[in-house]
Amino acid sequence: MARKRIYSIARELDTTSKELIDRLAELGMPGLKAANTVDEEEYTLVRNLYEEQVQPLEEEEEKGVPRPPVVSVLGHIDHGKTTLLDAIRKSRLVSKEVGGITQRIGAYQADLHGEKITFIDTPGHKAFTGMRARGAQATDIAILVVAADDGVMPQTVEAIDHIRAANIPLIVAINKIDKTNADLNKVMQALAQHGLTPEDWGGDAITVPISALKEENIDDLLEMILLVAEMEGVRAEPEGRLEAIVIESHLSATRGPVATAVIKNGSLRQRDCIVVGPAYGRVKALIDENGDRLPVAGPGKAVEILGLDAVPPLGSKIEAKAKLKVAKNCAQGRRTADRTSRPSREEMSVAELFRQQEEQQKLTLVLKAESTGALEAVRGEIQLLPTDDVELEFLHTGIGAISESDVLLASTVSNKCLVIGFGVKADPKAMKLAEREGVVILTYAVIYELLEEIERALTGTAAPEYQETKIGEAEVRELFKIPAGVVAGCYVTEGKVLRNARVHVIRQDEELFSGEIASLRRFNDDVRTVLNGRECGIRIKGFDDVRAGDRLIIYTLEEVKR
């Protein structure tokens, strides 16, 4: 395994894998840049070349220090996710007490040669994506578990799509190699068909064959995680700004609201005042996976937090505040914003959805259908639609009803994403989540209706072109200062002035400003229109530097149909 050998060589030479690869590439071994090919002869060559010729690098100082990478495990049901986590827990648990773990807190640290790895003990892409739905990226590396006797299955494909959407490194753990019907080549071929070409086949997908049940090659997997973390530059500043994310939360009958969090940067201390999404409080206790109370939790550590006034949502970010009153005000403001910020599914029409992303130039879809044949047919027809100005991306496609997982995935993308069902409906939980998250779900039974809607969406997504039409002109004669700004006392010299129009401010034949009319008054009354030959007061939104003698060109913008 090429990457593992690079890691081993670097450890023997007391350097980092990144430094080793970079320096050897400079010395004429560019094949090592991607760490794809290192055979036995090269192993000896690498050692000699490094020891004899490579001098210590004078590198720019990297910020922070290496921290334990945070890892999530995903994959198809019954492929061994939980068994793998249990195997790691039994063999490599940090600070393991006699009798095993005294408390399960949703995460724990494993140890390999003194280096730590934090595992999030919530298998499944639903939990993984639930964190990202609130803008939180709790995971540094994802492990995709694929059974060697079963191969790539529907939930495997779904997990791949969720990991890609998160844009984080992926390691494939090919599990159950101890089975008599295990077929590694079949698994690798299936992975390649889904864009994950294994390194052994010349690609860049890292694969590690393991047996979680018999605890075979577990150390190889852990070594690979540490190597990828090193190459990705997973670092933190223990005394820097706090960055922590809630991975689990619940209400305890004896302890009150409890949140489990992973610390990614900075440190969380007992008695710190914190805001956790819409919740707040002073930290009463920090408890690790062994049930021990900690005075401080540093980067990479997972802890339970006691002392909050409410149960925070999954994926909430934790922020430290100087005083409890500041934290309380911040939390209350968020609660108010949460009640009013998200449009309901009924309010979010398709037209509104794509009006919001005019600058995105991208239409993102999650597509579900009742069968493989229907899915392929619909996807093929959608790809044939005209998309001259718009990029079309399928974030995920799959078989079966629209689920909470589909809605969560759609809610994580930066531009709005449309969830479409062909011949299938959304389950009740997915409908409620979509309404809460402002995700649009559309379902169809007839393919031409689906295609017509998508074509309209593609046309609506393209950035509109506008044509400017002059409707009037006014001369500024006096200025009046009011609390909201400056009102220009004007005389309409041509055409008319409309309250919802736009304005160019012209001074000595030069344009100073172009913007919107904030208010239009005639005497003491707000009016919609002022005609030629009449006086009025105009306040310009965002511009108070208007002067007597300025000319105001009044105009409207009309969209040109593409």
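The values are calculated or read from the model by the stated rules, or taken from the named source; none is laboratory data. In this text, all values refer to a predicted model and were calculated from it rather than measured experimentally. Because the Cβ atoms are built from the backbone with ideal geometry, glycine has one as well, and the counts that use them run over all protein chains shown. Side chains included, ligands, DNA and RNA excluded: accessible areas come from the protein's heavy atoms. Shrake-Rupley method; radii C 1.70, N 1.55, O 1.52, S 1.80 Å.
Put simply, the amide H of TYR280, placed in the peptide plane, has neighbours under 5 Å in ASP309, ALA310, leaving out anything fewer than 5 places away on its chain. Database remark: amide H of GLY485 closer than 5 angstrom to no amide H (H placed geometrically; neighbours at sequence offset of 5 or more, or on other chains; Pro and chain starts carry no H). Of the whole protein surface, MET231 contributes about 70 Å² of accessible area at a 1.4 Å probe radius. Remark: segment 186-202, residue by residue, has Karplus-estimated 3J(HN,Hα) of 5, 5, 5, 4, 5, 4, 4, 5, 9, x, 10, 6, x, 4, 4, 9, x Hz, where x stands for each Gly or Pro and the curve is 6.51 cos²θ - 1.76 cosθ + 1.60 at θ = phi - 60°. What FRET efficiency, computed as 1/(1 + (r/R0)^6) with R0 = 51 Å and r the Cβ-Cβ distance, is obtained for LYS328 and ARG164, rounded to the nearest 0.05? About 0.80, to the nearest 0.05.
My understanding is that a pair violates if its Cα-Cα distance is over 18 Å; which of LYS362/LYS432; LYS264/LYS328; LYS470/LYS496; LYS63/LYS323; LYS481/LYS541 do that in this structure? Numbers along the way, then the final one.
Numbers: LYS362/LYS432 26 Å; LYS264/LYS328 24 Å; LYS470/LYS496 10 Å; LYS63/LYS323 28 Å; LYS481/LYS541 14 Å.
Cα-Cα > 18 Å for LYS362/LYS432; LYS264/LYS328; LYS63/LYS323; rest within.
Peptide packing: for 482-492, 524-534, the average count of neighbouring Cβ atoms within 10 Å per residue gives the ranking 482-492, 524-534, highest mean first. Relative to the current alpha-carbon distance between TYR491 and SER519, full extension at 0.36 nm per residue lengthens the span by 8.5 nm.
A full extension of the chain between ASN185 and LEU251 corresponds to an added length of 19.1 nm, given 0.36 nm per residue minus the alpha carbon distance. Couplings for segment 211-228, taken from phi via the Karplus curve 6.51 cos²θ - 1.76 cosθ + 1.60 with θ = phi - 60°, read 10, 5, 5, 9, 6, 8, 6, 5, 5, 4, 5, 5, 4, 5, 4, 5, 5, 4 Hz in order; Gly and Pro are left as x.
When the accessible area of segment 244-290 is computed with all protein chains present and a 1.4 Å probe, what percentage of it is carbon and sulfur?
Values: 690 of 1510 Å².
Ligands and nucleic acids excluded, carbon and sulfur reach 46 percent.
The tail of the calculated P(r) for segment 217-271, taken as Cα-Cα distances beyond 14 Å, holds 70 percent of the pairs. In this structure the amide hydrogen of THR397, modeled in the peptide plane, comes within under 5 Å of the amide hydrogens of LEU367, none closer than 5 places in sequence on its chain. Accessible area per residue was computed with a 1.4 Å probe on protein heavy atoms; GLU435 scores about 90 Å². Segment 192-257 and segment 440-459 have Cα centres lying 38 Å from one another. Given a 1.4 Å probe and the protein chains as shown, LEU226 ends up with an accessible area of around 10 Å². Ranked from largest to smallest solvent-accessible area, with a 1.4 Å probe on the protein heavy atoms, PHE119, PHE480 come out as PHE480, PHE119.
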